[in-house]
Amino acid sequence: MKKSITILSLLFCTSFLYAQFSFNDDFESYAVGDYIGETNATWTTWSGATGGNEDAQTTTDNASSGTQSIYFSSSSSTGGPQDVVLPFGEVFDEGDFEFSSMFFVDGGAYFNFQAETTIGNTWALDCNMNNDGSIVFSTGGGATTFISSTYPSGEWFKLDITINLTLNQWEVFINDNSIGSFTNTVNEVASLDIFPLNGHSFYVDDVMVSHQPFVPVGINAFLTDLTIPTYVQIPASVDIEGSIINYGAETITSMDIVWTDGTDSYTYNVNGVSIETLDSYDFTHPDQLSMTTLDTVNITVSIENVNGGNDVDTSNNSMDFSIISVEYVTQRIPLFEHFTSNTCGPCASFNPGFQTLLDANNVNDLTNAKVSAIKYQVNWPGSADQSFNSDVSTRTTYYNVGGVPSAHIDGASTASSQEEIDQHAAVPSFIKIEGTAVATEGVDLDVEITVTAYEDYPNTTIHIAIVEDEYTNTAGTNGESEFFQVLRKMLPDANGTAANLSNSNAVTVNESASFETGDVTANSFRLWEGLHNCRVIVFVQDENTKQVLHSELIEITGSFVNVPSWEDLDIQLMPNPVKENLSISLNPKSQNLHVTILSMTGQKVQETNYGVLDGEQLLSLDVSDFPTGFYTLKVQLDDKTSIHRFIKQ
């Protein structure tokens, strides 16, 4: 039986007094039914009023240790009224902090860390234990998710959070097994708040909180990070890079950085540096790791011979890392799919800030995009947005979107933050997307996409989206007039093309569409400005999880000027599609005939000047050696031009 709080005076170091904070409560010293805030002054409530409906009472209904615990539940739509707070007495922003507690959750649970002694200003961490057995650690009201995992519902389990506040290293354990670590955007803690949301039901027992201040001693080089890619594409010469922090009191002036693969070792002598306490040092080892075959190499990087002496803590001097060589890997471009409307008031408030975030990540840039984005303009809450069409409706249904604004990143709902973008971008992609998109006379668009998988994705869909970069529209009711990255058409439609992308499978998709420009109304696929104002976004979606596995941007090339097509020329192509010989039937009237064939990329692949012809003609063109795909054929009779397209099989 224990209920204790201690402040232990420790050693004087460089004339400062360091104190350790420790609190434990197993709720065994209370009488059954006691309000903990009223009985123990260390506990309080959100409002500060103890002994009432905000406070928690001890119970013998369930316990992890002993016979007593505290119970939380709520049937209120706004949560509560229970709202119990454990202040830590000050803001901890350095040193080692730990929170541990036993939980029994049979209907969901929630708690948070406050970052200031005045509660209600800043939330450092939210923990949501949901009814489906998922547990999510986040901050900013869910804006940034750090860890998503599962917990054992309907039984007692231990939840432990350890934090090195000095280095901003947070790690979460369930039953002593790590479920993830992260760097927090709010790196300080001041109190614990336990608050049941609507429908929650849970018990809490064996609460422990401790804090050990940071006290630098002697020589202590801390290898904090290795910035080495997990996956590399062969052949590869891999840089061994990382960061070291001086975690001791003595300035670091020299050291050896050593890496080994278990067979060979490579030493980098670092001299002439001056790394003060808590200063960092980034390094690139001069000896690279060479990988030429498919393999997994396990290396150990260590810091040795610091200042020619002994390190006081050798446990933080080394790190292990595994590097996997693969046939193909590329930088993932996270895809935002954003549902909005020009009749939605909250959209007008949200969209400018969201666009700023996208622009900061070079959204839809053909050469340097860190994110891609597709905006779906829906047909509610007011009358239909002029850019609404059936493809928008299909994607809205696919994600079961019931309110706007609503953003998804890589197929998952998101609050849209830089941290989330960085998290998604850090996940490598094993899918290669290549393709071309060629406009003909500003009206017709031919798209050829090849997707190759280097991992197994047997149930996927390839989506091709035509997105208009920007346009002005004042017909809405929410005050918005400038719109960006708006979907105009998906090819063949929003259902995409089903694909079996098992390992090394390559799937080629050929699609074409014709577009008209101007007079855009709902339920149409017309363009606001034209194909010159558009680009193509191709993305691959896993239908088992709805996760977007990768996205790529394709530039639209070709001709954007509408050349008149003369119907009276009466020209026919046969057969179409064609495998070997393409026949052209026409009836010139003593006219000079010039025939040109262009590839999808706009390159001239064949050109013939037939001179002056008169009367019915049936010309044969050998295309048997042409690669498969779309082609444009231009027939010029004197000053009249007729444009045609054909498919080479």
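In the set (1) touching a His at 6+ places or on another chain (Cβ under 6 Å); (2) open to solvent by 20 Å² or more (accessible area, probe 1.4 Å), the condition left unmet by GLN212 is number (1). Regarding ILE421, is this residue open to solvent by less than 10 Å² (accessible area, probe 1.4 Å), in contact with a helix residue (DSSP H, G or I) (Cβ under 9 Å, 6 or more places away or on another chain), assigned to a strand (DSSP E or B) and of a type in the set (A, V, I, L, M)? No; evaluated as a whole, the condition is false for this residue. The set of residues in segment 150-175 that are in contact with an Asp or Glu (Cβ under 7 Å, 6 or more places away or on another chain), closer than 15 Å to PHE103 by Cβ and part of a loop (DSSP other than H, G, I, E, B) comprises SER153, GLY154.
If you go through segment 58-68 one residue at a time, how many are more than 12 Å from ASP34 (Cβ to Cβ) and not hydrophobic (A, V, I, L, M, F, W, C)? The total comes to 6. Could you give every pair whose Cβ atoms fall below 6 Å, whose first residue belongs to segment 152-168 and is of a type in the set (Val, Ile, Thr), and whose second residue is part of a loop (DSSP other than H, G, I, E, B), counting only separations of at least 6 or pairs across chains? The qualifying pairs are THR166/GLU94; THR166/PHE214.
I need a count of the residues in segment 402-414 that are part of a loop (DSSP other than H, G, I, E, B) and either farther than 26 Å from GLY141 by Cα or open to solvent by less than 50 Å² (accessible area, probe 1.4 Å) (or both). Steps first, please.
Taking segment 402-414 and keeping what is part of a loop (DSSP other than H, G, I, E, B), we get 402-405, 410-411.
Subset that is either farther than 26 Å from GLY141 by Cα or open to solvent by less than 50 Å² (accessible area, probe 1.4 Å) (or both): 403-405, 410-411.
Looking only at that region, the number is 5.
Just one of the numbered conditions (1) touching a residue at least 24 places away in the same chain (Cβ under 8 Å); (2) more than 27 Å from the chain's Cα centre (by Cα); (3) open to solvent by 10 Å² or more (accessible area, probe 1.4 Å) is not true of ILE299: (3).
A residue that is more than 27 Å from GLN20 (Cα to Cα) and within 39 Å of the chain's Cα centre (by Cα) cannot be found anywhere in segment 93-101. None of ASN362, ASN379, ASN317, ASN305 is closer than 26 Å to LEU223 by Cβ and open to solvent by 20 Å² or more (accessible area, probe 1.4 Å) except ASN305. Only residues that are open to solvent by 50 Å² or more (accessible area, probe 1.4 Å) and in a loop (DSSP other than H, G, I, E, B) were counted in segment 278-295, giving 9.
This table checks each residue for (1) charged (D, E, K, R); (2) more than 21 Å from the chain's Cα centre (by Cα); (3) within 30 Å of ILE643 (Cβ to Cβ).
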{"residue": "ILE466", "(1), (2), (3)": "no, yes, yes"}
{"residue": "GLU470", "(1), (2), (3)": "yes, yes, yes"}
{"residue": "LEU491", "(1), (2), (3)": "no, yes, yes"}
{"residue": "ASN500", "(1), (2), (3)": "no, yes, no"}
{"residue": "VAL509", "(1), (2), (3)": "no, yes, yes"}
{"residue": "ASN523", "(1), (2), (3)": "no, yes, yes"}
{"residue": "ARG526", "(1), (2), (3)": "yes, yes, yes"}
{"residue": "GLN547", "(1), (2), (3)": "no, no, no"}
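Quick one: which residue in THR474, THR450 is among the hydroxyl-bearing types (Ser, Thr, Tyr) and part of a loop (DSSP other than H, G, I, E, B)? Unique residue meeting the criteria: THR474.
Taken over segment 233-259, residues that are within 18 Å of SER315 (Cβ to Cβ) and exposed (fewer than 15 other Cβ atoms within 10 Å of the Cβ) amount to 1.
For segment 385-401, state whether one or more residues are open to solvent by 30 Å² or more (accessible area, probe 1.4 Å) and modelled with pLDDT under 95. Outline the logic, then answer.
Our first condition is that a residue be open to solvent by 30 Å² or more (accessible area, probe 1.4 Å); within segment 385-401, this holds for 386, 390, 393-394, 397-398, 400.
If we keep only those that are modelled with pLDDT under 95 too, we end up with none.
No, the conditions are met nowhere in segment 385-401.
Here ILE597 meets the list (1) at pLDDT 90 or above; (2) touching a Phe, Trp or Tyr at 6+ places or on another chain (Cβ under 9 Å) almost entirely, failing just condition (1).
Of the listed requirements (1) touching a Phe, Trp or Tyr at 6+ places or on another chain (Cβ under 7 Å); (2) more than 30 Å from VAL91 (Cα to Cα); (3) not small (Gly, Ala, Ser), MET255 misses just one: (1). The number of residues in segment 296-317 being in a strand (DSSP E or B) and of a type in the set (D, E, K, R) comes to 1.
From the list ASN576, ASN581, which residue is in contact (Cβ under 8 Å) with a residue 40 or more places away in the chain, open to solvent by 60 Å² or more (accessible area, probe 1.4 Å) and within 12 Å of HIS644 (Cα to Cα)?
Of ASN576, ASN581, the one residue that is in contact (Cβ under 8 Å) with a residue 40 or more places away in the chain, open to solvent by 60 Å² or more (accessible area, probe 1.4 Å) and within 12 Å of HIS644 (Cα to Cα) is ASN576.
Looking only at residues that are of a type in the set (Gly, Ala, Ser) and open to solvent by 30 Å² or more (accessible area, probe 1.4 Å) in segment 180-209, which one is nearest to GLY108 (Cα to Cα)? Here the residue is GLY199. So in segment 51-63, with the set limited to residues that are among the polar types (S, T, N, Q) and open to solvent by less than 50 Å² (accessible area, probe 1.4 Å), which one is farthest from THR183 (Cα to Cα)? Top of the filtered list is THR59. The lone criterion from (1) farther than 30 Å from ASN298 by Cβ; (2) among the β-branched types (Val, Ile, Thr); (3) modelled with pLDDT of 95 or more left unmet by THR356 is number (3).
Go through segment 477-504 and count every residue that is open to solvent by 20 Å² or more (accessible area, probe 1.4 Å) and not in a loop (DSSP other than H, G, I, E, B). Please lay out each step first, then the result.
Within segment 477-504, the subset open to solvent by 20 Å² or more (accessible area, probe 1.4 Å) is 477-482, 484, 489, 492-493, 495, 497-498, 500, 502-504.
Among the residues that remain, those that are also not in a loop (DSSP other than H, G, I, E, B) are: 482, 484, 489, 497-498, 500.
Selection size over segment 477-504: 6.
Those residues that are over 23 Å from ILE449 (Cα atoms), outside any loop (DSSP other than H, G, I, E, B) and open to solvent by 80 Å² or more (accessible area, probe 1.4 Å), I need them from segment 591-627; list them, please. If the condition is that a residue be over 23 Å from ILE449 (Cα atoms), outside any loop (DSSP other than H, G, I, E, B) and open to solvent by 80 Å² or more (accessible area, probe 1.4 Å), then GLU607, ASN609, VAL612, LEU618, ASP622 are the ones that fit.
Screening VAL91 against (1) more than 24 Å from ILE161 (Cβ to Cβ); (2) at pLDDT 95 or above leaves a single unmet condition, (1).
Restricting attention to strands (runs of 3 or more DSSP E) lying wholly within segment 178-253, give those where 1 or more residues are closer than 23 Å to GLY308 by Cβ and among the β-branched types (Val, Ile, Thr). Per the criteria, 221-226, 241-246.
Residue-wise test of (1) in a strand (DSSP E or B); (2) closer than 26 Å to TYR454 by Cα.
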residue	(1), (2)
MET319	yes, no
SER325	yes, yes
PRO352	no, no
LEU357	no, no
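Name the residues in segment 501-549 that are among the acidic types (Asp, Glu) and under 22 Å from THR628 (Cα atoms), would you? The answer is GLU511, and nothing else. Here is the figure for segment 505-521: residues that are touching a residue at least 60 places away in the same chain (Cβ under 8 Å) and open to solvent by 30 Å² or more (accessible area, probe 1.4 Å) total 8.
The values are calculated or read from the model by the stated rules, or taken from the named source; none is laboratory data. As the structure is a computational prediction, the values presented were derived from the model and not from experiment. Virtual Cβ from ideal backbone geometry, glycine too; neighbours counted across all protein chains shown. When the accessible area is computed, the model is the full protein with side chains, heavy atoms only, and any ligands, DNA or RNA have been set aside. Shrake-Rupley method; radii C 1.70, N 1.55, O 1.52, S 1.80 Å.
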